[in-house]
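One structure below.
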Amino acid sequence: MVKRAGGALLLSVAIDHASPRPVTTQLYLALREMMLAGGIAAGERLPATRTLARELGLSRTTVIEAFDRLTAEGLIEPRVGAGTYVSRALNAERPRPAPAPTAAPMRPAPRLARTMTIAVERFGERARLPQVARAFTTALPAFDAFPMAQWARLAARHWRSHRADIMGYGDPYGLPALRRAIAAHLRQNRGIECDAEQVFVVAGAQQAFNLVGSLLLDPGDPVWFENPGAIGARNSLIASGADLVPVPVDAQGLRVDEAEARCPRFRLAFVTPSHQQPLGMTMSLERRFALLKAAERARAWIIEDDYDGEFHFGGAPLPTLKSIDATGLVIYVGTFSKSLFPSLRLGYLVAPPALVDTLRSVAGKLLHGVPTAVQAAVAEFIDEGHFAAHVRRMRRIYAERHDALCAAAARRLGGLLDVVQSHSGLHTVGHLDRALPELAVSKAALVRDITVSPLARYAIAPLDLNGLALGFGGITPPEIDDGVAVLAEVLEDLRRRPSRAAGVR
Ligand SMILES: Cc1ncc(COP(=O)(O)O)c(C=O)c1O
C-alpha cells in the first residue's frame, strides 16, 4: 500500500486500458492535474516508481516515463538517493480564474479603452474595412485589373531568396532597397526631394498615423483636423491623446483662416490635400502656402496624407505639400493600399530632417519591420518600372470608372443624388435631396446589397451636409451601371414613402 501523504489521491488515478490514449499519457495527465490543483502539495514526497507501479497495476517503465515528463516540465524533482518530490515552485501564487464580469467594473477601464469608448460615443463606430468591392464600397482598388501573374512571379522569386536574407528580423526602418525605390518614385512622381534615410516603411498608413501621433503628441494637444475627415487617422490621433479641432473644408480645402481663428496654437494638422477625404476636392495652392505659414507660426507639424494622390485624372495636378515645404514641418504619408492592394499592409512616411533621428530611435524600439520578402518584391516592382506602368494604366481605368458613375448618375439619379465630378482617386461623393436623409438611404441601400457611406460617418462636428461617399475604383463600368440602377430604385422608393425615411435615426 502507498503510505505517503497523497497516497489516497494517487490511488484514485483511474487508468482506462480500453482508451486509445497511451497509459503513460493518462498517468502523466492525472498526476499533473492533481499537482496543479493542489491535491498533492508542493514539497511532498512521491511514492517510489516501483511501489506506484505495483499499486496501480502498471509496468514500472510506464511510471518512469510519466515521471520523466513531469520532471522535464519542472513539476517534480528527483533527488539522488532521497526519492522524488513535488516541486516547491508549485507553492507560488497561482492565477485564479477571473470572476464572471459583473455589471459594474471593479476598476476603471485602461486609458486607451476609455478614450476609444468616448470616441465611439461621439463619432460612431467605424465599420470594418471592406474585403471585397461591390457598388459603391470605398477604400478598395481594382483587384480585377491588378497584374497578378507578374506580381506572383516576382513575389515567388523573392520567397525563394536565401533564407538568411528573408527570414530573420529585417531593418526596422524598412528594407534599404525599398526605401531607395520609394525615394526615387517620390522624386519622379510627387516632386518630393528626399533621401532614403528619411523614408520609414511601416505597416500601412494607419501605422504611420499611430507612430506620428504617439511620437509628437502629449495628451490634450490641439490637432487641426478636416471636418469631415479621414476616419482611420482620426482614430489614431484620438488614441494618441489629440484634442481634435474640427476645421471646415470648402472648395479649396481646409479653411486655414477658420482654423487659426479657432486655435492658433495648434500642435499638429492633419490634411489630405491631393484628394480630400471624403469630399474629394484638391487643396488650392494658396491654401497650401497658408497652412505652411500657420504651421511655421505655431511651430506645429503637418501630416500630409497622400493616400491616393497617384490617381489624378482630370486637369493639372498640384504639387504635394511636402514638395513646396520650406519649413521642414511636413510629414508625408503614403501607402501601397490603393496603388497595389491593401492586404500588403505596406505604407511609408517621409520624415522632415529634424525628425529623422527621433524616428530612428523610436521606430527601432517599437517597430520590428514589415515582411522582408514582400518589401523586396515591391522594391523590384518599382525599380523595374512595373509600378509606374501599373499606376499609369490604373489612372486610365479609374477615369473610365469615374466617368461611368457620373454618366449613369446623370441618366438615372437626377433630382435624387447629385454626384460630384472628381479629379482623382477611387471615390467621390453625391449630395442627396433633403427629403432623403443620408442614414435612411444607406440603410435602405444595404438591404439591396449596395454600400453607400453617409457623410456624417466622417464628421467630428455637426455638418450641414446630406450626402454619401461613393467608391467606384473597385468595380467595373457594367457593375457601376447596375449599382446605379438599384440605387435609383432605392431612392425613388424612399421618396415615394417619406415615412420610411423619416423613421430612421
Ligand atoms: C484617408 C486614408 N488614408 C490612408 C488610407 C490607407 O490606409 P492603410 O495604408 O493603412 O491601408 C486610407 C484607406 O482607405 C484612407 O482612406
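Overview of values
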item: Filter result for residue 191 (more than 15 Å from residue 346 (Cβ to Cβ) and either outside any helix (DSSP H, G or I) or within 14 Å of the ligand (Cβ to nearest atom) (or both)); result: yes
item: Breaking point among (1) under 23 Å from residue 214 (Cα atoms); (2) within 16 Å of the ligand (Cβ to nearest atom); (3) acidic (Asp, Glu), for residue 357; result: (2)
item: Residue match in the range 370-389 (condition: modelled with pLDDT under 95, farther than 25 Å from residue 426 by Cβ and under 24 Å from the mean Cα position of the chain (by Cα)); result: no
item: Cβ pairs under 8 Å, 6+ apart, first in the range 212-231 and not assigned by TED's automatic domain parsing to the domain that holds residue 465, second assigned to a strand (DSSP E or B) and charged (D, E, K, R); result: 220/243; 221/243; 222/243; 223/243; 230/305
item: Residue within the range 347-354 that is surrounded by 20 or more Cβ atoms within 10 Å (Cβ to Cβ), in a loop (DSSP other than H, G, I, E, B) and at pLDDT 95 or above present; result: yes
item: Selected residue [within 16 Å of the ligand (Cβ to nearest atom), part of a helix (DSSP H, G or I) and either within 20 Å of residue 208 (Cβ to Cβ) or in contact (Cβ under 8 Å) with a residue 12 or more places away in the chain (or both)] from 154, 178; result: 178
item: Any chance residue 411 is at negative phi and either over 29 Å from the mean Cα position of the chain (by Cα) or assigned by TED's automatic domain parsing to the domain that holds residue 311 (or both); result: yes
item: Residue pairs meeting the criteria (Cβ under 7 Å; at least 6 apart or on separate chains; first assigned by TED's automatic domain parsing to the domain that holds residue 190, in the range 266-287; second among the basic types (Lys, Arg) and modelled with pLDDT of 95 or more); result: 273/288
item: Any hit, the range 29-36, residues being surrounded by 15 or more Cβ atoms within 10 Å (Cβ to Cβ), within 52 Å of the chain's Cα centre (by Cα) and more than 16 Å from residue 15 (Cα to Cα); result: yes
item: Residue satisfying condition, being within 16 Å of the ligand (Cβ to nearest atom), among the polar types (S, T, N, Q), free of Cβ contacts under 8 Å to residues at least 40 places away in the same chain and not in a strand (DSSP E or B), within set 343, 339; result: 343
item: Selection within the range 306-329 - farther than 21 Å from residue 426 by Cβ and within 16 Å of the ligand (Cβ to nearest atom); result: 322
item: Verdict on residue 261 being surrounded by fewer than 20 Cβ atoms within 10 Å (Cβ to Cβ), modelled with pLDDT of 95 or more, small (Gly, Ala, Ser) and within 27 Å of residue 128 (Cα to Cα); result: no
item: Residues within the range 243-252 that are within 16 Å of the ligand (Cβ to nearest atom), in contact with a Phe, Trp or Tyr (Cβ under 9 Å, 6 or more places away or on another chain) and touching a residue at least 24 places away in the same chain (Cβ under 8 Å), tallied; result: 1
item: Boolean, residue 70 is of a type outside the set (Phe, Trp, Tyr), part of a loop (DSSP other than H, G, I, E, B) and at pLDDT 90 or above; result: no
item: Extreme residue, surrounded by the most Cβ atoms within 10 Å (Cβ to Cβ), among residues of the range 56-96 that are under 47 Å from the mean Cα position of the chain (by Cα), closer than 15 Å to residue 30 by Cα and touching a residue at least 40 places away in the same chain (Cβ under 8 Å); result: 66
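The values are calculated or read from the model by the stated rules, or taken from the named source; none is laboratory data. What you see is a predicted model; the values in this text were computed from it and never measured. Reconstructed Cβ throughout: ideal geometry from the backbone, glycine too, with neighbour counts over all protein chains shown.
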